[in-house]
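Trainee: The structure is given below, and queries will be raised subsequently.
The values are calculated or read from the model by the stated rules, or taken from the named source; none is laboratory data. From a predicted model like this one, the values you see are computed outputs, not experimental measurements. FYI the Cβ positions are ideal-geometry reconstructions off the backbone, even for glycines, and counts take in every protein chain you see.
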Number of protein chains: 2
Amino acid sequence: MGLKITDLVVQDVRFPTSLSLDGSDAVNPDPDYSATYVILKTNDPSGLEGHGLTFTIGRGNEICVAAVNAIKPFVIGLEIDAIKADMCGFWRSIAADSQLRWIGPEKGAIHLATAAVVNAVWDILAKEAGKPLWKLLVDMSPEEIIACIDFKYITDALTPDQAFKMLQEKASTKTKREAILLSEGYPAYTTSAGWLGYSDDKMWALCQKALAEGWQDFKLKVGADIEEDIRRIAIMRQEIGPDRRLMIDANQNWDVTEAIENMVRFAPYDPWWIEEPTSPDDILGHARIAKAIHPIGVATGEHCHNRVMFKQFFQAQAIQFCQLDSCRLGSINEILAVLLLAAKFNVPVCPHGGGVGLCEYIQHISMFDYEAVSGTMDNRTLEYVDHLHEHFINPVRMRKGRYLAPTQPGYSIEMFSASRDDHIYPEGPVWQKLKEQGK
Amino acid sequence: MGLKITDLVVQDVRFPTSLSLDGSDAVNPDPDYSATYVILKTNDPSGLEGHGLTFTIGRGNEICVAAVNAIKPFVIGLEIDAIKADMCGFWRSIAADSQLRWIGPEKGAIHLATAAVVNAVWDILAKEAGKPLWKLLVDMSPEEIIACIDFKYITDALTPDQAFKMLQEKASTKTKREAILLSEGYPAYTTSAGWLGYSDDKMWALCQKALAEGWQDFKLKVGADIEEDIRRIAIMRQEIGPDRRLMIDANQNWDVTEAIENMVRFAPYDPWWIEEPTSPDDILGHARIAKAIHPIGVATGEHCHNRVMFKQFFQAQAIQFCQLDSCRLGSINEILAVLLLAAKFNVPVCPHGGGVGLCEYIQHISMFDYEAVSGTMDNRTLEYVDHLHEHFINPVRMRKGRYLAPTQPGYSIEMFSASRDDHIYPEGPVWQKLKEQGK
């Protein structure tokens, strides 16, 4: 009998990060980094499980849990071989379910839940193959990759044939790039020094530490008060010197014309990109900002909910950096589409990290992109935030500001069961203790 | 002591409409029309309650119920006078909550739930004033209307000052239009004859019935099989004659180039608009289609999730008809923004009806639009579908294919409690009986 999904368990896991203002920004002053955590049980005698999560920032995580429960009947009983035989069909059976799609379509809680569940399936596929996910993807043929992708709504920008040719063109040189990846790792930037809620002293100290560790690229949160922002960017630019890259992130806090006006003030500090200058839905707004502030780049993506939106951001030349999110998009299936679209439009992909588990996820995406899609690390840098990695069985490994390639089978997202049990909301001991303390 | 919200009750109400293929279309073959139904209890001694719902098509309704429960703590205990004193602030306290917005923002289950809850507040306001909602809105001053609107992310297209001037310009002639509205009603079209799952005979019979009732505008569902579509549009055009308006609706089933190609086939039958030709997120795709198929119009909106998306559809000249949805947008607060944007860009608003309760809702929106915003009924027609009205205490009233102005206080969305109790999912008697029958 073949490998089969026999059960789905979903957990509401939350970390009380708002207590230390980790992750604070202009729009998210007090996030509690949380995960809608999915375990797919199988009939494998050795106990093979698929783990996946979607990231939220606290309240509302229970809505994603409800959405995972709605998807549960679609995966229980499925044979892994049948899924592999029609990866796109499997994805569509969830993402395009005729009733569930009404509350999206392909956006919001139901799409976040789709990512958690389908990413857990990808975890099974990688574990079954005995490979880290990036390597599983790299070893798939162009035909196999294409068969994972739902081209619905994107054929006006990218056809299956075009995508196939792009993958084929890069296939013969994958081995060379894999050797570079394994020896050098993948470039990264740190957001850890620049949270909005941090004092100047804390920012200084964290910058010093990061410089000592060898970091080259730094990100600063802005968007609360423009005078305060300018003061802080001056500090950070002075601290890291003129040659390192400095990115700023407004977390959607400006209107379009406001963003253009504010960027005049930031320009003297030479930011490489402005991230989320305005609403994540505003393709035309981003295009207008990008045109006005050139050569500073515009970056967005952590709230960009599907391939149709990214297609338009690329078509409109609205972004110079694609910050796709590993759980906002509907799993690896949809991420493959966006990587290929980005490559076609020549936009570097710099995925959104941070939160809980996002760094663990995105390393696989960028490494596959380097080997099989874009074929380059130029102008690419992967977000790194140093929170909560201790809860993962195979956490990211960093060296001198670079991600090292994961070596363990799977998608690296499995958390220790003790970590999950401690942080189950609201009944876990961490939350019960906070409740007793009146926090 | 003033009027205060003391409790929120939410119900999962579903109608087994899939059994008769009512509402069937190319993307929704078997919808079970459903409502996440909200009751706001108050301290009013006579038992004043606010009722609101968001519409879904079955599976996933329970996710919206979970989302309403997440919003519950934001409204319980609020005084109605405090809400009225800062309508936009109240809306933002829910729609822009720093943690909940992560699972949107302003889209998906959380935004649908926001609509249900905030529309229930509007129901209270109208009932308290003793007016139907359209009249409450019409009687508000331009200042009061502006104070309800969140201009965040739309000021590049419409500023509060511009909106104020638009409202003020129409204010002096409202009375004249109200007299016309009360005597003539508001023009409507029927979708009831053209569901995709209906046989030719059923379509013929329903067309005959609608013609006898005086209907002038008809809509046909297409998008499944092009040859079948052409056969059906030929039947309907022949049946209604060359002078009545015929609209077609593909329910998102085409890619962009496919839509343009298919419309060449439909053009000889003189459709007035093609509705949802492709993904509801594809602003640039709709713009390309609109340019290619002119003078046939492009319509969309029932899946357009917020004011930022509509802003861009207008900016890009991507749609010639705005089919805003009364529960997809985050309540009347956001609908006011879209009505003003549409008027500024001179795009007629023809809201999405059908489902359960949508016709009851949208009549208020179009009547307010006519009196206070657009000032015209030209090129406007309101969707009408004749299902499930019997469950409402104050259902829509139609005369010769026109909506008559509601006269009862409130937003017309209150369902009989017996209807709700019968259809509670899954424990209500209607569903229990179907379960026993093995359906």
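Trainee: Wholly within region A:303-411, which helices (runs of 4 or more DSSP H) include no fewer than the required count, namely at least 3 residues that are within 21 Å of A:F15 (Cβ to Cβ)?
Mentor: Per the criteria, A:358-368.
Trainee: Kindly indicate whether B:D421 is free of Cβ contacts under 8 Å to residues at least 12 places away in the same chain and closer than 28 Å to B:E49 by Cα.
Mentor: In short, yes.
Trainee: Output the residues belonging to region B:290-302 that are within 13 Å of chain A (Cβ to nearest Cβ) and crowded, with 24+ Cβ neighbours inside 10 Å.
Mentor: Residues satisfying the conditions are B:T300, B:E302.
Trainee: Exactly one of these conditions fails for B:V65: (1) modelled with pLDDT of 95 or more; (2) closer than 20 Å to B:H389 by Cα. Give me its number.
Mentor: (2)
Trainee: Is it the case that A:Y269 is closer than 18 Å to A:V385 by Cα and among the aromatic types (F, W, Y)?
Mentor: Judged against the criteria, A:Y269 is not a match.
Trainee: Can you pull out the residues in region B:388-404 that are crowded, with 19+ Cβ neighbours inside 10 Å and over 18 Å from B:N119 (Cβ atoms)?
Mentor: Passing the criteria: B:M398, B:G401, B:R402, B:Y403.
Trainee: Moving on to the next point. Only one residue in B:Y411, B:Y370, B:Y403, B:Y361 is in contact with a Leu (Cβ under 9 Å, 6 or more places away or on another chain), among the hydroxyl-bearing types (S, T, Y) and closer than 26 Å to B:K165 by Cβ, so which one is that?
Mentor: Matching residue, one of B:Y411, B:Y370, B:Y403, B:Y361: B:Y370.
Trainee: Select, from B:F151, B:F74, the only residue that is in contact with a Leu (Cβ under 8 Å, 6 or more places away or on another chain), surrounded by fewer than 20 Cβ atoms within 10 Å (Cβ to Cβ) and within 14 Å of another protein chain (Cβ to nearest Cβ).
Mentor: Criteria check complete, one pass: B:F151.
Every residue, every condition in (1) in a helix (DSSP H, G or I); (2) hydrophobic (A, V, I, L, M, F, W, C), yes or no:
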position: A:A67; (1), (2): yes, yes
position: A:K72; (1), (2): yes, no
position: A:G77; (1), (2): no, no
position: A:D81; (1), (2): yes, no
position: A:S93; (1), (2): yes, no
position: A:N119; (1), (2): yes, no
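Trainee: Considering only residues that are surrounded by 19 or more Cβ atoms within 10 Å (Cβ to Cβ) and free of Cβ contacts under 8 Å to residues at least 60 places away in the same chain, which ones fall in region A:11-55?
Mentor: A:S18, A:P31, A:D32
Residue-wise test of (1) within 14 Å of another protein chain (Cβ to nearest Cβ); (2) within 20 Å of B:H352 (Cβ to Cβ); (3) in contact with a Leu (Cβ under 8 Å, 6 or more places away or on another chain).
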site: B:Q11; (1), (2), (3): no, no, no
site: B:A26; (1), (2), (3): yes, yes, yes
site: B:P31; (1), (2), (3): yes, yes, no
site: B:T42; (1), (2), (3): no, no, yes
site: B:I63; (1), (2), (3): yes, no, no
site: B:V68; (1), (2), (3): yes, no, yes
site: B:I103; (1), (2), (3): yes, no, yes
site: B:K107; (1), (2), (3): yes, yes, no
site: B:V118; (1), (2), (3): no, yes, no
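Trainee: If you don't mind, another one. Output the number of the condition that A:A115 fails; it satisfies all remaining conditions of (1) in contact with a strand residue (DSSP E or B) (Cβ under 9 Å, 6 or more places away or on another chain); (2) surrounded by fewer than 24 Cβ atoms within 10 Å (Cβ to Cβ).
Mentor: Here A:A115 meets the rest and fails (2).
Trainee: Now a separate question. Please tell me if A:P105 is without any contact (Cβ under 8 Å) to a residue 60 or more places away in the chain, surrounded by fewer than 20 Cβ atoms within 10 Å (Cβ to Cβ), assigned to a loop (DSSP other than H, G, I, E, B) and of a type outside the set (A, V, I, L, M, F, W, C).
Mentor: Against the criterion (without any contact (Cβ under 8 Å) to a residue 60 or more places away in the chain, surrounded by fewer than 20 Cβ atoms within 10 Å (Cβ to Cβ), assigned to a loop (DSSP other than H, G, I, E, B) and of a type outside the set (A, V, I, L, M, F, W, C)), A:P105 does not qualify.
Trainee: What do you reckon, is A:R59 within 22 Å of the chain's Cα centre (by Cα) and farther than 27 Å from A:G355 by Cα?
Mentor: So A:R59 fails the test.
Trainee: Quick check, is A:I332 under 30 Å from A:T159 (Cβ atoms) and in contact with a helix residue (DSSP H, G or I) (Cβ under 9 Å, 6 or more places away or on another chain)?
Mentor: yes
This table checks each residue for (1) within 14 Å of another protein chain (Cβ to nearest Cβ); (2) crowded, with 24+ Cβ neighbours inside 10 Å; (3) at pLDDT 95 or above; (4) under 17 Å from the mean Cα position of the chain (by Cα).
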residue	(1), (2), (3), (4)
B:Q317	yes, no, yes, no
B:V338	yes, yes, yes, yes
B:N346	no, no, yes, no
B:G355	yes, yes, no, yes
B:D369	no, yes, yes, yes
B:A372	no, yes, yes, no
B:R380	no, no, yes, yes
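Trainee: Additional query: May I ask you to verify whether A:L53 is more than 11 Å from chain B (Cβ to nearest Cβ), modelled with pLDDT under 95 and closer than 30 Å to B:A96 by Cβ?
Mentor: Answer is no for this residue.
Trainee: Give just the number: which of (1) within 25 Å of the chain's Cα centre (by Cα); (2) within 16 Å of B:G297 (Cα to Cα); (3) away from chain A (no Cβ under 14 Å) does B:Q252 not satisfy?
Mentor: Result: B:Q252 passes all but (3).
Trainee: Would you call B:T159 at negative phi, surrounded by fewer than 21 Cβ atoms within 10 Å (Cβ to Cβ) and more than 14 Å from every other protein chain (Cβ to nearest Cβ)?
Mentor: Against the criterion (at negative phi, surrounded by fewer than 21 Cβ atoms within 10 Å (Cβ to Cβ) and more than 14 Å from every other protein chain (Cβ to nearest Cβ)), B:T159 does not qualify.
Trainee: Of the residues that sit in region B:412-439 and are in a loop (DSSP other than H, G, I, E, B) and at pLDDT below 95, which one is surrounded by the fewest Cβ atoms within 10 Å (Cβ to Cβ)?
Mentor: Restricting to residues being in a loop (DSSP other than H, G, I, E, B) and at pLDDT below 95, the top hit is B:G438.
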